[in-house]
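Beneath this line is the structure, given in structure tokens, with notes to follow.
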């Protein structure tokens, strides 16, 4: 699944091409995504100019002059900027057609993504209203994590991946941040000290920033807006490396399932 760095990479990739352009039409070839594409989307957006492209967690927000489009890439979605009307493939479900023939194409093989519309502020939409702070914002730090964790018995990895606590820290980056902070992912969130949460917040921020710079993580289904894969997978310390030597101490990395997610940690370095 595209995580925050992949979505931010996509935002940065498409924003220069579509900001300031007007939408001429919408071509919906398959409306049956995770939620149906609004049947009146064409009527609502045609003729409107894109004023800004934002990101909230794993959602992309195309801000128009009146209202906004909310996009989610789901498990396998991607967006491409096309300067020519290439023949759509089987999984190319929606095109936003702009002035001068430019197209923003949504491709989603598994159809778990979404393309929705809202008249009001997107932050008030039911999908976004309950989200926690952005991990790269000033509202997120170790003190915040410490306060939110008090009395919580859930594993710290599940706590960190809870979008109501902080948005966009998915499975890959939770594994990596906990390793770098030296915290076992199955430790109860409420039993971790303030000092260790300060370290964890620093690592979350650092790892996400590095991943954004490197273009996201190379996953089977993810490509950036020009079709290039991300390269952060080259820097992963533990994710996908269960059974291999720990890069810090050489002990064998252990892989378990937490919350139905693959979780890899070093039993020696993480406690």
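The values are calculated or read from the model by the stated rules, or taken from the named source; none is laboratory data. Please read all numbers here as calculations on a predicted model, not as lab measurements. Methodologically, a virtual Cβ is constructed for each residue, glycine included, from the backbone with ideal geometry; neighbour enumeration extends over all protein chains shown.
In table form, for the structure just shown:
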| read-out | value |
| --- | --- |
| Residues within segment 220-260 that are farther than 20 Å from residue 210 by Cα and at pLDDT 90 or above, tallied | 15 |
| Which listed residue is under 24 Å from the mean Cα position of the chain (by Cα), touching a residue at least 60 places away in the same chain (Cβ under 8 Å), in the same structural domain as residue 104 (by TED's automatic domain parsing) and surrounded by 22 or more Cβ atoms within 10 Å (Cβ to Cβ), from 71, 62, 79 | 79 |
| Residues within segment 162-171 that are over 16 Å from residue 136 (Cβ atoms) and either crowded, with 18+ Cβ neighbours inside 10 Å or touching a strand residue (DSSP E or B) at 6+ places or on another chain (Cβ under 6 Å) (or both), tallied | 1 |
| Within segment 252-267, considering residues that are in contact with a strand residue (DSSP E or B) (Cβ under 9 Å, 6 or more places away or on another chain) and closer than 12 Å to residue 157 by Cβ, the one surrounded by the most Cβ atoms within 10 Å (Cβ to Cβ) | 265 |
